[in-house]
Amino acid sequence: MVNRWAAAAAIAVLMPAGAVAQPARDSAGIVRAIQIRRYDIFEPSEATSFLPRLANGLHFVTREGVVRRELLFRSGQPYDSA
């Protein structure tokens with residue numbers, strides 16, 4: 001009987017801290033949705049002269065699928081500010 005208690009005590013002392021159950025994360029720390037907004041280089045209110053309008057005309061707006069593919073996180077994953 002003493003050997004069981006000693007074994008249980010030894011396991012509890014030697015157990016790494018990472019093996020302890022972690023509290024459930026709050027749902028506020030989960031990425032719920034990702035909204036992608038794509039814009040021209042210059043806003044329409046700024047593009048009043050030739051060069052800004054030319055830049056907007058020559059500039060390709062990146063497709064939404066390309067932006068989503070390059071993101072390093074997805075919806076439903078835990079938020080990590082690092």
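The values are calculated or read from the model by the stated rules, or taken from the named source; none is laboratory data. Since the model is a prediction, treat every value here as computed from it, not as a measurement. Note that each Cβ is placed from the backbone with ideal geometry, even for glycine, and that neighbours are counted across all protein chains shown.
A quick yes/no check of all residues on (1) on the phi > 0 side of the Ramachandran plot; (2) of a type in the set (A, V, I, L, M); (3) touching a helix residue (DSSP H, G or I) at 6+ places or on another chain (Cβ under 9 Å); (4) modelled with pLDDT under 55:
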| residue | (1), (2), (3), (4) |
| --- | --- |
| Leu14 | no, yes, no, yes |
| Ala17 | no, yes, no, yes |
| Gln22 | no, no, no, yes |
| Arg38 | no, no, yes, no |
| Ile41 | no, yes, yes, no |
| Pro44 | no, no, yes, no |
| Arg63 | no, no, no, no |
| Leu72 | no, yes, no, no |
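Suppose we keep only residues that are part of a loop (DSSP other than H, G, I, E, B) and in contact with a Lys or Arg (Cβ under 7 Å, 6 or more places away or on another chain) within region 39-78. Which one would you say is nearest to Gly29 (Cα to Cα)? First the steps, then the outcome.
Just the residues of region 39-78 that are part of a loop (DSSP other than H, G, I, E, B), to begin with: 39-49, 59-63, 71-77.
From what is left, the residues that are in contact with a Lys or Arg (Cβ under 7 Å, 6 or more places away or on another chain) are 47, 61-62, 75.
Working: Ala47: 39, Val61: 31, Thr62: 29, Ser75: 11 Å.
So the residue we want is Ser75.
What are the residue pairs meeting all of these: first residue in region 57-82, first residue in contact (Cβ under 8 Å) with a residue 40 or more places away in the chain, second residue small (Gly, Ala, Ser) and outside any helix (DSSP H, G or I), Cβ atoms under 6 Å, and 6 or more apart or on different chains?
Close Cβ pairs satisfying both conditions: Ser75/Ala33.
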